[in-house]
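Everything below concerns the one structure shown next.
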Amino acid sequence: MPPRQPDFTSLSFVDVSRHFGRRRVLNRISLCCEAGEVVALLGPNGAGKSTLLSLAATLLTPSSGEIRYGEQTMAAAGPGLRGRIGVLGHDLYVYPELSAAENLTFFGRLYGLADVEARVAAALDRAGLAHRDDPVGRFSRGMRQRLALERALLHEPRLVLLDEPFTGLDDAATGMLRERLGGLRQAGCIVLLTTHDLETIEGLVDRAVLLRGAALTVLDELDGGPRSLRERYRAAAEARA
Amino acid sequence: MFLRTVWLVVRKDLLIELRSREIVYTTLFFAISCVLVFAFGFVRDGRPVEDAAAGILWIAIAFSGTLALGRAFERERQSETLRALMMAPVDRPALYVGKLAGVLLLLAVVEAVVVPLVALMFQAPLFAHPLLMAGLLATGTTGFAAVGTLFAAMLVRARSRDVLLPILLYPITIPVIIGGVRGTAALLQPDVDLPMATVWLSMLACFDVVFITLALWTFEPSMTE
Amino acid sequence: MKKLFLPALVVIAAMFAWAPYAIDRAPYESTMGLVQKIFYFHVPSWMVMFSSALVCGTASAVYLFGGRAAADRVAQAAAELTVLFGTIGLITGPLWGRKAWGVWWQWDARLTSALVMWLIFVAYLLLRKYGGAGSEKLSAVVALFGMANVPFVYWSVNMWRTVHPKTTVVMTLQPEMGRPFLLCALAFMGLYGLMLAARVRLERRRAELETLFLALED
């Protein structure tokens, strides 16, 4: 088992920039997320939301700036830190040739979890996939999405990164995901998610930030005031334009 | 921990492969076709051309190995599972070794069929010195696969990856091909040259050590963006 | 460094201008006659090719493990020059061989291993050109592997060659031959250094342009 890292309680982007050739996708972004916070990353397509999540997931390195998990950067902390991060990406990161249980068992063992079978059984129950034995390739998009979410959360990560988690989910599943996010928030996780589905995350997020033109704006405080998230989003988007 | 990761990756690859057996069957069939095509090219007057058996065997291994590598990593490209592996809290070189072990197992199966086939078609006494022959096959295939696994992993997110893999792989593995062919030929020729075969075997073993070490060092830097 | 470029260019040009005279004045080699004189350009271009391969491999290692973009620029320039000087060697070699021994290609150990190295660096350039984004690191690995391969390639081709009859002529370098050879070797090395410097400078300018492009958006 990888040695347990003392858990970090914040994720900070410090002046992070990332460019691909001539295209600057992120320009000196600074953002700090605390434990027990759900932060929504909003913005038009191609704004760089997925890039920001990939940077936090250590899939990309910043062109400049730093990303800190608590006080440490990934370079200082080593591979064990990756075990505290859970990612639900646009590509679902599950093997289509294996069954749901086999996928979860593989990743559970890879992450060095104790009592893998029990955790996998519980995860499959939550996803409503316990009775499915066939390869994941045959699943519908929504089922694969539910499985991918369980895979991301199997090892009880401290930092949860979700890229468009509500895509393809029906009403029931959406409700369950909302509950799940609430639970994560109470458990003290740091949740950073991207979505276009502003109505669904209404009341669920503590903070929303708008990523546009490679820069970040914080939407007005989400204090339960009269203006809905979508109204605030529109206002911020128009103000920047 | 390192070995555990290797084992988990190999086991997962075996599990997937045993379901469909797609890569095994297609690679095997391709290797056999290769041998046949070369057989028509090189056999004259009903007699095998000298040294043709050795050359044909190793070319078939190289070509089918390239195909297998491409297919194996194409699988990891779907759903970007290679990225998921990289994100796990494991030693990344262990992922490389795990993939390499899987490819070697696959090529061992292919060779188990192709070697007797070549022996049969070219009346080549490939089993006369089984230990040396097995040694040459093992070290040669390992050298080829070691470089190939690294390159195939690196190319997963590159453009034109299908054609770039052979372009990059073949020049660098030329010493492996030379060593394998000359070593095998030394065993097949009428006056068998055992010391020569052993010399080639040692060179292949050296190659394996050097390049596996290099691959372990360069895997992580080359896979991070 | 920039200030040295022009004087160095003049000196190298002068050396190349003098070279034909020096070569002409050198004595004829006993068996091959006039044809042998191609060796004054052929061998130095190989020397440069191998040095360039070494430079490329080392710069690639520095880039891969140290992350310095400048090293990657040097590696790319060195790879291009490796292919260039290798091409010169590969053209002059068969020309010499055809006249001296009647065959265009001789599976000579050195010529063949040089061909393999040339192929590796052509593959490097193809990867850089067609590999898409992120191919800098991938090509660095190729260059590193290529450099590590040099002893294996040479040794295995050499051993492989012992099976075939050897027809290489061992040349004894008389002092009258040694001087023009040294001149040409130095001229080639100098030319290589100049071209490398110029090419690296071009890449550096390009990188600076990219940075300015990005800064423009601020």
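Output the residues belonging to the stretch A:173-206 that are open to solvent by less than 10 Å² (accessible area, probe 1.4 Å) and of a type in the set (S, T, Y). If the condition is that a residue be open to solvent by less than 10 Å² (accessible area, probe 1.4 Å) and of a type in the set (S, T, Y), then A:T194, A:T195 are the ones that fit. Against the conditions (1) under 22 Å from B:G179 (Cβ atoms); (2) open to solvent by 20 Å² or more (accessible area, probe 1.4 Å), C:T87 satisfies every one except (1).
Of all the residues that make up the stretch C:203-218, how many are more than 14 Å from every other protein chain (Cβ to nearest Cβ) and either in contact with a Gly (Cβ under 9 Å, 6 or more places away or on another chain) or open to solvent by less than 80 Å² (accessible area, probe 1.4 Å) (or both)? Here the count works out to 1. When C:D72 is tested against (1) touching a strand residue (DSSP E or B) at 6+ places or on another chain (Cβ under 8 Å); (2) modelled with pLDDT of 80 or more, just one condition goes unmet, and that condition is (1). Scoring A:D125 on the criteria (1) in contact with a helix residue (DSSP H, G or I) (Cβ under 9 Å, 6 or more places away or on another chain); (2) assigned to a helix (DSSP H, G or I); (3) more than 20 Å from B:M87 (Cα to Cα); (4) of a type in the set (D, E) leaves a single failure, condition (1).
When B:S222 is tested against (1) within 25 Å of B:V156 (Cα to Cα); (2) modelled with pLDDT of 90 or more, only condition (2) is not met. Among (1) over 20 Å from the mean Cα position of the chain (by Cα); (2) under 25 Å from C:G193 (Cβ atoms); (3) among the basic types (K, R), there is one condition C:R98 misses while meeting the rest; what is its number? Result: C:R98 passes all but (2).
If I filter the stretch B:119-126 for residues that are open to solvent by 20 Å² or more (accessible area, probe 1.4 Å), out of contact with any Leu (no Cβ under 6 Å at 6 or more places or on another chain) and either under 27 Å from C:V116 (Cα atoms) or within 12 Å of chain C (Cβ to nearest Cβ) (or both), do I get at least one hit? Within the stretch B:119-126 (the criterion being open to solvent by 20 Å² or more (accessible area, probe 1.4 Å), out of contact with any Leu (no Cβ under 6 Å at 6 or more places or on another chain) and either under 27 Å from C:V116 (Cα atoms) or within 12 Å of chain C (Cβ to nearest Cβ) (or both)), the answer is no, since none of the residues qualifies. Each residue in the stretch A:82-105 was checked for being without any contact (Cβ under 8 Å) to a residue 12 or more places away in the chain and in contact with a helix residue (DSSP H, G or I) (Cβ under 6 Å, 6 or more places away or on another chain), and 1 pass. Take B:A128 and decide whether it is among the small types (G, A, S) and under 19 Å from B:I59 (Cβ atoms). Spelling it out, it is not the case that B:A128 is among the small types (G, A, S) and under 19 Å from B:I59 (Cβ atoms).
Looking only at the stretch A:2-47, residues that are on the phi > 0 side of the Ramachandran plot and open to solvent by 10 Å² or more (accessible area, probe 1.4 Å) come to 5 in all.
Of the listed requirements (1) within 24 Å of B:L8 (Cα to Cα); (2) away from chain B (no Cβ under 14 Å); (3) out of contact with any strand residue (DSSP E or B) (no Cβ under 9 Å at 6 or more places or on another chain), A:H131 misses just one: (1).
If only residues of the stretch A:97-113 that are under 17 Å from A:L124 (Cβ atoms) and part of a loop (DSSP other than H, G, I, E, B) are counted, the one that is farthest from the other protein chains (Cβ to nearest Cβ) is A:L113.
Residues of the stretch A:183-204 that are assigned to a helix (DSSP H, G or I) and under 14 Å from the mean Cα position of the chain (by Cα): A:L184, A:R185, A:I201.
Candidates are the residues of the stretch B:187-225 that are more than 10 Å from chain C (Cβ to nearest Cβ) and small (G, A, S); the one that is surrounded by the fewest Cβ atoms within 10 Å (Cβ to Cβ) is B:S202. Of everything in the stretch B:136-171 that is of a type in the set (K, R) and part of a helix (DSSP H, G or I), the residue that is least open to solvent (accessible area, probe 1.4 Å) is B:R161. Among the residues making up the stretch B:1-38, those that are more than 14 Å from chain A (Cβ to nearest Cβ), surrounded by 14 or more Cβ atoms within 10 Å (Cβ to Cβ) and aromatic (F, W, Y) are B:F30, B:F38.
Looking only at the stretch C:117-134, residues that are part of a helix (DSSP H, G or I) and surrounded by fewer than 23 Cβ atoms within 10 Å (Cβ to Cβ) come to 8 in all. Taken over the stretch C:135-164, the criterion of being within 22 Å of B:T224 (Cβ to Cβ), at the interface with chain B (Cβ under 7 Å from one of its Cβ atoms) and open to solvent by 40 Å² or more (accessible area, probe 1.4 Å) is satisfied by C:K137 alone. Selection of the stretch C:94-116 for residues being open to solvent by 30 Å² or more (accessible area, probe 1.4 Å) and modelled with pLDDT of 90 or more yields only C:L115. Taking the stretch A:21-52 only, how many residues are within 23 Å of C:S135 (Cα to Cα) and at pLDDT 85 or above? Number satisfying all stated conditions: 6.
In the stretch C:63-82, of all residues being without any contact (Cβ under 8 Å) to a residue 12 or more places away in the chain and in a helix (DSSP H, G or I), the one that is farthest from A:S63 (Cα to Cα) corresponds to C:F65.
When we screen C:F50, C:F121, C:F39 for residues that are of a type outside the set (A, V, I, L, M) and closer than 30 Å to A:S63 by Cβ, the only hit is C:F121. Exactly one residue among A:R119, A:R84, A:R151 is surrounded by 15 or more Cβ atoms within 10 Å (Cβ to Cβ), modelled with pLDDT of 90 or more, within 27 Å of A:L204 (Cβ to Cβ) and away from chain B (no Cβ under 14 Å), and that residue is A:R119.
Contact annotation: residue pairs with Cβ atoms under 7 Å, 6 or more positions apart or on different chains, pairing a residue in the stretch A:63-80 that is farther than 18 Å from A:D15 by Cα with a partner that is part of a strand (DSSP E or B), are A:A77/A:Y69.
Assess whether A:R109 counts as being surrounded by fewer than 20 Cβ atoms within 10 Å (Cβ to Cβ), under 23 Å from B:T81 (Cα atoms) and at pLDDT 90 or above. Yes: the conditions hold for A:R109.
The values are calculated or read from the model by the stated rules, or taken from the named source; none is laboratory data. Bear in mind the structure is a predicted one, so any value in this text is a computation, not a measurement. Quick reminder, even Gly has a Cβ in these numbers, built from the backbone with ideal geometry, and neighbours come from all protein chains shown. All accessible areas refer to the heavy atoms of the entire protein, side chains included, with ligands and DNA or RNA removed. Shrake-Rupley method; radii C 1.70, N 1.55, O 1.52, S 1.80 Å.
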